[in-house]
1. Scaled to the compact-protein estimate 2.2 N^0.38 Å, what is the alpha-carbon radius of gyration of the stretch 247-286, rounded to two decimal places?
2. For the chain, what does -39500 (n - 2.57) per DSSP helix run (n ≥ 4), summed and divided by total residues, give at 222 nm, in deg cm²/dmol to the nearest 500?
3. Assuming a ≥ b ≥ c are the square roots of the Cα gyration tensor eigenvalues, decide whether the stretch 304-351 counts as rounded (a/c under 1.5), prolate (otherwise, with a/b larger than b/c) or oblate.
4. For the chain, which DSSP H helices look membrane-span-like by this rule: Cα extent along the axis of 24 Å or more and mean Kyte-Doolittle of at least -0.5?
5. Counting other Cβ atoms within 10 Å of each Cβ, which trypsin sites (Lys or Arg not before Pro) in the stretch 1-94 have at most 12 and sit in a DSSP loop?
6. Which of 202, 340, 163 moves most in a GNM of the chain, Cα contacts under 10 Å?
7. Given a cut-off of under 8 Å on Cα pairs at least six residues apart, what relative contact order in percent is computed for the stretch 4-372?
8. Taking only the C-alpha atoms, wrap a convex hull around the stretch 144-192 and report its volume per residue in Å³ as a whole number.
Amino acid sequence: MSKSIIVVGAGAWGGWTAFHLQKAGFKVTLVDKNGPGNPLSGSGGKTRIIRMAYGGSQVYTDLTAKSFELWEKYALQWNDRLYHQKGALWMFNGINPAYAELSIPLMKARGFRLDPLDLQNLAIEYPEINLADITSAYWEPKVAYLEASRACGVVAQKFKEAGGNYLEAEVTGIDFEKENISALRLKDGLTLQADEYVFACGPWLTKLVPTLKDYIYASRQEVYYFEAPDHYKDLPIWLEFRKDDQMFYGIPDHFGQGFKFAYDERTWSLDPDKDDRAITNEILDKMRAILINRFPALKESVVLKHHTCVYENSLDGDFIIDRIPKATNGLFLAGSSGHGFKMGPAIGQLITHHLTGKTAIPNEFLLNRFSQGIDRKSQFEV
Ligand SMILES: Cc1cc2nc3c(=O)[nH]c(=O)nc-3n(C[C@H](O)[C@H](O)[C@H](O)COP(=O)(O)OP(=O)(O)OC[C@H]3O[C@@H](n4cnc5c(N)ncnc54)[C@H](O)[C@@H]3O)c2cc1C
């Protein structure tokens, strides 16, 4: 008889994990309290970027290459355009572009490109972009944007079509018996039981497993959609790197809903249940100044739309995938740290291979790395 598995959380990671596990022959139940890719979750919102450049990291380069392959494969198989290739402009503002340079050989080995650009030619090609303070730039042709929330819904639907059981319910507690999880308690008083459990709860994980609070924190990520002239939709996806590990990015062509602009800083904390999600003027003022410096013609642009989203960060910016403390039959997937969406398909496959005994979880993702001391950094530090 096939093993039963409960996956808690139908965001990018839990949804793809449930889908791959179901396809591998497990009897899977996927549980989410608010629905796949809901607006409060880390996977909520319209779009996410998939890019291949990952500094000198082999483990992320491998996972991203696998993710590109799987997004393309399923978009084709399902005949659903979840994946929009646009190319991206990487810009470095007064800092060493080591992150880009280290990416090039690893990408090349996988058949991907990141090409250095001539700034004078770039200024001619994109007169809308002020390049005065940009010291180097690169072009990554395969970068695409993924439809975020919608993709989570599609993956959950495909999971159900493959025979998976989806349940909208809130898990409020975990029962343990000896070294095992024996059941999950639901808000409505019912319990759920399975042979194995996978927790992909994003920023809510620490509410179920409080000991993980030492390694995970949630941050407030505000996303703005500015009004822009119609031809701005022809600009590429762009990323700007500044000193002090600051990164800003935008998706100009955004389904006619404005010029998407956001930051990667994790300075502002967010309780995903309690905190207000309205615009923070302090953040908007900072963002507007950065936007106007880069795109001077957007000086008078108004914010058409706004979304406060949440990053679930590990202390060192790397994913954490490990056994639930004191449970041999529970895995948790955490610390997606603002760069996990693109990896959904590859993470789902990795967990499935792990639970079928084919692959170990990479050492880079295990919790015991923190016993060597914590190197606080973001995804873009090399
Ligand atoms: C503004 C922003 C921009 C980003 N940009 C990118 C990008 O360009 N590229 C990229 O790759 N990544 C990006 N990311 C990161 C990426 O979106 C996240 O890493 C990823 O979506 C996290 O997915 P997840 O499945 O781990 O968590 P989530 O999407 O948060 O899913 C967790 C799910 O678990 C459910 N849940 C939690 N607790 C319970 C419970 N007790 N019972 C039942 N259900 C529960 C929740 O309802 C939720 O649906 C961005 C994130 C943000 C916020």
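The values are calculated or read from the model by the stated rules, or taken from the named source; none is laboratory data. Just so it is clear, the structure is predicted and the values come from calculations on it, not from any experiment. For neighbour counting, all protein chains shown are included, and Cβ atoms are generated from backbone atoms with ideal geometry for every residue, glycine included. Heavy atoms of the whole protein, side chains included, go into the accessibility calculation; ligands, DNA and RNA do not. Shrake-Rupley method; radii C 1.70, N 1.55, O 1.52, S 1.80 Å.
1. Ratio of Rg to 2.2 N^0.38 Å for the stretch 247-286: 1.39.
2. Value at 222 nm, helices only, nearest 500: -7500 deg cm²/dmol.
3. Working: a/c = 2.51, a/b = 1.86, b/c = 1.35.
It is prolate, given that a/c is not under 1.5 and a/b is the larger ratio.
4. Details: long enough: 58-77 (28 Å, -0.45).
Both cut-offs are met by 58-77.
5. Details: sites: 3, 23, 27, 33, 46, 48, 51, 66, 73, 81, 86; in loops: 3, 33, 46, 51, 81, 86.
Hits after loop and neighbour filter: 81.
6. Greatest mean-square fluctuation among the candidates belongs to 163.
7. Working: 786 pairs, mean separation 89.4, N = 369.
Worked out over the stretch 4-372, it gives 24 percent.
8. Values: hull volume 6.7 nm³, N = 49.
Considering the Cα atoms of the stretch 144-192, their hull volume per residue is 137 Å³.
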